[in-house]
Amino acid sequence: MSPSHFEDHSADVSPRLVDPNGTEDEQQLEAALRPKKLADFPGQPRVREQLSLVIEAARRRATPPDHILFSGPPGLGKTSLAMIVASELEAPIRITSGPAIQHAGDLAAILSSLNEGEVLFLDEIHRMARPAEEMLYLAMEDFRVDVIVGKGPGATAIPLELPRFTVVGATTRAGLLPAPLRDRFGFTGHLDYYDAADLADILARNADLLGVPATREGITEIAGRSRGTPRIANRLLRRVRDYAQVHGRHVVDLTSARAALELFDVDDDGLDRLDRAVLEALCRRFGGGPVGLSTLAVAVGEEPDTVETVAEPYLVREGYMIRTPRGRAASPRAWTHLGLRPPDGHFTETFQRDTDDGGGRFTG
């Protein structure tokens, strides 16, 4: 990371005030922080290299590129990359989402208004209604839609030719995409979690854009607790900025970062209140598990979907939780993180039960 990203505030902790009257809402702020060019997009080197090739080849042919699908967990930059695709192609972009398209007519109205070379961004594309999906198959492959006029036996399908355009889809659950739809994307890029160094670069850039003075130590502390996710990192940066402003430090340094993150229940490993509640329930109430998802959700006072989609992916990825055929179980790391000692023989017994069921390993 370049030292120029940071300012030295060891002697003067208030070189400039953070503006206390910011009126930008969260969405406008996220949009302002998004990079506009692929060269400015941090991290994801493999996806950037592949996407650059796709875009450059399309530019040289003077034709729209193949349809593009971005997959990966929330907050890693799928929407930003869609915007970058349109920017690099110097093409307009139409933005919608799968949940907003519940009827084939909704999609037909969008498709029929597209211009040559336009980018259609479909966020959460796996949540699109099935009739709209089937219409999208034809539009992506043959660049036409069949508009149904009339009802019953007298209904007539009128083919409507479409200009060549590029669909950019984004999904957090690629496995839910039907194979016929997935196969129509010429390029699929999977985004992985970021390492702490890339997140620090992102935070340093965004601190400059927000006019927030920051030290290397403060930025590094936030990056290390951001769960490998830029969206979380940016949110924590804003909260540390708020803390520094209110407490008169006016700089995101190590002291402000640690104090603010403690106040907002983000521990050294990036676990928040919900994460720790899940681990506490597993270890203290259920003896380390296995325990069913619904029971675990009731124990922490949350909906099962919240536990499964918000807390569980990170806990499993970082080795705090194990998904078994019998339910969720705490790993050795979970007990250690809580400062607890697991019952004697707990892990051997849990593993043996799954072996007896024919699994032979922890699965989920």
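The values are calculated or read from the model by the stated rules, or taken from the named source; none is laboratory data. Source: prediction; values computed, not measured. Virtual Cβ from ideal backbone geometry, glycine too; neighbours counted across all protein chains shown.
Can you pull out every residue in the stretch 174-203 that is of a type in the set (A, V, I, L, M, F, W, C), farther than 21 Å from GLY228 by Cα and touching a residue at least 12 places away in the same chain (Cβ under 8 Å)?
Step one: of the stretch 174-203, the residues of a type in the set (A, V, I, L, M, F, W, C) are 174, 176-177, 179, 181, 185, 187, 191, 196-197, 199-200, 202-203.
Imposing the further condition that a residue be farther than 21 Å from GLY228 by Cα reduces the set to 176-177, 179, 181, 185, 187.
Within the stretch 174-203, LEU176, LEU177, LEU181, PHE185, PHE187 meet the criteria.
On the given criteria, is GLY289 at pLDDT below 85 and touching a Pro at 6+ places or on another chain (Cβ under 6 Å)? If you could, list the steps in order and put the result at the bottom.
Values: at pLDDT below 85: yes; touching a Pro at 6+ places or on another chain (Cβ under 6 Å): no.
Answer is no for this residue.
In the stretch 312-327, what count of residues is obtained for those that are touching a Phe, Trp or Tyr at 6+ places or on another chain (Cβ under 9 Å) and among the charged types (D, E, K, R)?
Within the stretch 312-327, residues that are touching a Phe, Trp or Tyr at 6+ places or on another chain (Cβ under 9 Å) and among the charged types (D, E, K, R) number 2.
Looking at the stretch 222-237, which of its residues are of a type in the set (Val, Ile, Thr) and either at positive phi or surrounded by fewer than 22 Cβ atoms within 10 Å (Cβ to Cβ) (or both)?
Of the stretch 222-237, the ones of a type in the set (Val, Ile, Thr) are 222, 229, 232.
The answer is THR229, ILE232.
Being within 28 Å of the chain's Cα centre (by Cα), under 24 Å from ASN234 (Cβ atoms) and loosely packed, with under 15 Cβ neighbours inside 10 Å narrows it down to one residue among SER71, SER80, SER97; which is it? Steps first, answer last, please.
Numbers: SER71 fails: loosely packed, with under 15 Cβ neighbours inside 10 Å; SER80 fails: loosely packed, with under 15 Cβ neighbours inside 10 Å.
Just one listed residue meets the conditions, SER97.
Of the conditions (1) modelled with pLDDT of 85 or more; (2) loosely packed, with under 15 Cβ neighbours inside 10 Å; (3) of a type in the set (Val, Ile, Thr); (4) in a loop (DSSP other than H, G, I, E, B), THR336 clears all except one; give me its number.
Against the list (1) modelled with pLDDT of 85 or more; (2) loosely packed, with under 15 Cβ neighbours inside 10 Å; (3) of a type in the set (Val, Ile, Thr); (4) in a loop (DSSP other than H, G, I, E, B), THR336 comes up short only on (4).
Would you pick out the residues in the stretch 297-333 that are at pLDDT below 85 and among the aliphatic types (A, V, I, L, M)?
VAL300, VAL307, VAL310, ALA311
Can we say ILE158 is in a strand (DSSP E or B) and at pLDDT below 90?
On the way: in a strand (DSSP E or B): yes; at pLDDT below 90: yes.
Criteria met by ILE158.
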